[in-house]
Amino acid sequence: QPGLTILFTEEQINGKLDEMANQLSTDYANKNVLVVGLMNGCLMFATHLLKRVTFKYKLDFLVVSSYGSETVTSGTIKIKKDLDIDPIGYDVLVLEDLIDTGLTLDWVKKYLSGKKCNSVKVCCLLNKSERRLVDCDIDYVGFDCPNEFVVGYGMDSEEKGRNYADIYVLKN
């Protein structure tokens, strides 16, 4: 793709998803699991990961936003769609495509923890720790990501690039 440099190939991503699914299947066997996907970015990650796991789960989505049309976070979290399933008594597994500043994740974890869940754990495909503004525990990490803006595999730049099978660094 013009203006893009490949970061992770579809083959690398699939290998990592297999590893993550095996670990999650062990950790969540025999638990009352509610998987919460953070939309829209997590869609491809969640779909491809969840078809590999062996534990039973219910699935719901939160739509929150901390991005405008820029490639930097606005810092303000807005909830656009809340959960349809009450998470009380569940072991909640949050799926997120990319964690950078940690502001959204911190907000989501506090929000869910206030709903009397058994546990709240986080699984992300990309961890951009160099951009972290708040400390946040991430329980399952696919790849460490450099401090670059990335697109592909569900992640976008102004709603473009989500459909790429690989993950690319966007060069302006």
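The values are calculated or read from the model by the stated rules, or taken from the named source; none is laboratory data. Keep in mind that this is a model prediction, so the values were computed, not measured. Please note: Cβ atoms are built from the backbone with ideal geometry, for glycine as well, and neighbour counts cover all protein chains shown. Just so you know, the surface numbers come from the protein's heavy atoms only, side chains and all, with ligands and any DNA or RNA stripped out. Shrake-Rupley method; radii C 1.70, N 1.55, O 1.52, S 1.80 Å.
In table form, for the structure just shown:
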item: Calculated P(r) tail over 18 Å for the stretch 56-172, as whole % of Cα pairs; result: 53
item: Probe 1.4 Å - accessible area at residue 164, Å² to nearest ten; result: 60
item: Protein accessible area in the stretch 1-140, 1.4 Å probe - carbon and sulfur %; result: 46
item: Relative contact order of the chain, defined on C-alpha pairs under 8 angstrom at six or more residues apart (%); result: 25
item: Alpha carbon convex hull of the stretch 1-134, volume per residue in cubic angstrom; result: 120
item: Residue-normalised accessible area of the chain, given per residue in Å² at a 1.4 Å probe; result: 51
item: Charge context of residue 33, other residues only, Cβ under 12 angstrom, K/R +1, D/E -1; result: +1
item: Euclidean distance between Cα centres, the stretch 85-104 to the stretch 9-59, Å; result: 13
item: Candidate lysines for bridging to residue 128, where Cα separation is under 20 Å - those fewer than 8 sequence places away on the same chain excluded; result: 16, 109, 171
item: DSSP bridge orientation in the chain - percent antiparallel, rounded to nearest 5; result: 35
item: Nearest-20 debye value, the stretch 14-163 charge dipole, Cβ charges on Lys, Arg, Asp, Glu; result: 460
